[in-house]
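*Asks:* Structure provided below as structure tokens; questions to follow.
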Amino acid sequence: MIDFIELSAEVAAAKQEKAPVVALESTIITHGMPYPQNLDMARKVEAEIRAHGAVPATIAVIDGKIRIGLDDAAMERLAKTPQAQVMKLSRADLAVCIAAGRTGATTVAATMICAHLAGIGVFATGGIGGVHRGAENSFDISADLQELAQTPVTVICAGAKAILDLPKTLEVLETLGVPVIACGQDQLPAFWSRDSGLRAPLRMDDPADIANAAAARAALNIPGGQLIANPIPAEAEIPRATITPIIEQALADAARHRIAAKAVTPYLLQRIFELTEGRSLEANIALVLNNARLGAQIAREVNKLHLGT
Ligand code: PSU
Ligand code: MN
């Protein structure tokens, strides 16, 4: 393997034993949540995956090395580092961060690239990037969508946030040939809310079916991954009617402060956290844990296919 990739002892042992592994991103830690809740979330998500029979691999670039699986010290260091001091890495930035020996947190796109390099096919997160509202003027479309089109990793999320333009995000995913598969319901979930008001293009409720779909895609030689949209648990959701005006307010504030490019998503998340007095963060943590659980189940099914059991 390329010498700037380092597997943690736990992940290396899992690979050796052919145990199921679930990748996790680090931008959610550095740019998605405040300290100390981010660190607490990162530890709980890993514990949840272990409790469901898989091995977690949180991915980040630390001092120019891609780390697949972080020990607690690295996790804590990352969680405490101010946003301005850690690069937010997407496909465009990964190689530069490594060459410069810097530290960066991987977005969905960069985590998919690193997971695939390490032979990990399942990745659980909160929300993916997508087509931003007003993209017809700003051209702000997350590189996460392109990555899903080309890198064979199954990504479990809770839908896309309503800070994005959800119909446009679905259209771009369809154009790129990315299967968007709702789990447990017909509707596309919208991150903090269970229902976006849009029907998901596809639905699969059984982790074994989701694993089979990934295998069939590979057998057909179709590049790219799958996006699994897993609704937030009912008891943790913020209903759409409650969150909609808050999102509108946060978007208006972002426009007023001329927030652009990579800063948009972190700004909106922080603003919504303030406007909901922390409730958005509680919901965010609940949905990530829920996705970690489903990720572990899917990884176990994928593993059975590989082992032929
Ligand atoms: N959505 C969230 N929390 C996050 C992100 C998205 O609910 O932390 C992060 C993810 O890492 C995602 C990235 O890949 O933001 C997308 O950023 P951009 O829109 O700049 O591509
Ligand atoms: Mn963007």
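*Asks:* In Å², what does the accessible area per residue of the chain work out to with a 1.4 Å probe? List each step's numbers first, then the result.
*Replies:* Values: 13110 Å² over 309 residues.
Spelled out: the 1.4 Å probe surface of the chain, per residue, equals 42 Å².
*Asks:* Note down the net charge around Arg133, summing +1 for each Lys or Arg and -1 for each Asp or Glu among other residues with Cβ under 13 Å from its Cβ. Before the final figure, lay out the partial values.
*Replies:* Details: positive: Lys161, Lys168; negative: Glu136, Asp140, Asp165, Glu248.
With Lys, Arg at +1 and Asp, Glu at -1, the neighbours total -2.
*Asks:* Next question. Nearest 5 percent is fine: what portion of the DSSP beta bridges confined to the chain is antiparallel? Present the calculation step by step, with values, prior to reporting the outcome.
*Replies:* On the way: 11 of 35 bridges.
Here the share of antiparallel DSSP bridges comes out near 30 percent.
*Asks:* Here's something else I'd like to know. Give the share of C-alpha pairs in each 10 angstrom bin for region 108-212, from 0 to the last occupied bin, in whole percents, shortest bins first.
*Replies:* Taking every Cα pair in region 108-212, the percentages come to 15, 48, 32, 4, 0.
*Asks:* Here's another thing I want to ask about it. For Ala182, enumerate residues with amide H under 5 Å from its amide H, sequence gap 5+ or separate chain, H modeled in the peptide plane.
*Replies:* Amide H neighbours of Ala182: Leu202, Arg203, Met204, Ala229.
*Asks:* Top mean-square fluctuation among Ala135, Ala42, Ala73, Gaussian network model of the chain, C-alpha springs under 10 Å?
*Replies:* Top of the fluctuation ranking is Ala73.
*Asks:* For region 5-307, what's the relative contact order in percent, using C-alpha pairs closer than 8 Å and at least 6 residues apart?
*Replies:* On the way: 618 pairs, mean separation 60.8, N = 303.
Relative contact order, region 5-307: 20 percent.
*Asks:* Counting only protein chains, not ligands or nucleic acids, how are Leu202, Leu227 ordered by accessible area (probe 1.4 Å), most first? Present the calculation step by step, with values, prior to reporting the outcome.
*Replies:* Details: Leu202 85, Leu227 10 Å².
From most accessible down to least: Leu202, Leu227.
*Asks:* How charged is the neighbourhood of Val178? Take every other residue with its Cβ under 13 Å from the Cβ of Val178, and add Lys/Arg as +1 and Asp/Glu as -1. Can you show the working numbers first?
*Replies:* Details: positive: Arg217; negative: Asp144, Glu147, Glu171, Glu174.
Surrounding charge for Val178 is -3.
*Asks:* To continue, here is another question. When the helix-only estimate is applied to the chain (DSSP H runs of n ≥ 4, each -39,500 (n - 2.57), divided by the residue count), what is the mean residue ellipticity at 222 nm, nearest 500 deg cm²/dmol? Let's see the in-between values first.
*Replies:* Values: 13 runs with 145 residues, N = 309.
Counting only the DSSP helices, I get -14500 deg cm²/dmol.
*Asks:* Let me ask something additional. Once each part is reduced to its C-alpha centroid, what is the distance from region 126-193 to region 51-108 in angstrom?
*Replies:* About 23 Å separates the Cα centre of region 126-193 from the one of region 51-108.
*Asks:* Separate question: Share of region 93-142's accessible area from carbon and sulfur, percent, 1.4 Å? Working shown, then result.
*Replies:* Working: 1000 of 1720 Å².
Roughly 58 percent of what the probe reaches on region 93-142 is carbon or sulfur.
*Asks:* Further question on the same structure: Tell me, what HN-Hα J-couplings in whole Hz come from the Karplus equation 6.51 cos²θ - 1.76 cosθ + 1.60 at θ = phi - 60° for each residue of region 173-189, using x for Gly and Pro?
*Replies:* With coefficients 6.51, -1.76 and 1.60, one gets 4, 5, 4, 7, x, 9, x, 9, 10, 6, 10, x, 7, 7, 7, 6, x Hz.
*Asks:* In Å and whole numbers, how far do the C-alpha atoms of region 5-307 stretch along each principal axis, longest first?
*Replies:* 52, 42, 35
*Asks:* Further, regarding this structure: Computed over the Cα atoms of region 12-120, what is the ratio Rg over Rh, Rh following Kirkwood?
*Replies:* Details: Rg = 13.1 Å, Rh = 13.8 Å.
Here the Rg-to-Rh quotient is 0.95.
The values are calculated or read from the model by the stated rules, or taken from the named source; none is laboratory data. Source: prediction; values computed, not measured. Here Cβ is always computed from backbone atoms with ideal geometry, including for glycine, and neighbour counts include all displayed protein chains. Side chains are part of the model used for accessible areas, which takes the heavy atoms of the whole protein and leaves out ligands, DNA and RNA. Shrake-Rupley method; radii C 1.70, N 1.55, O 1.52, S 1.80 Å.
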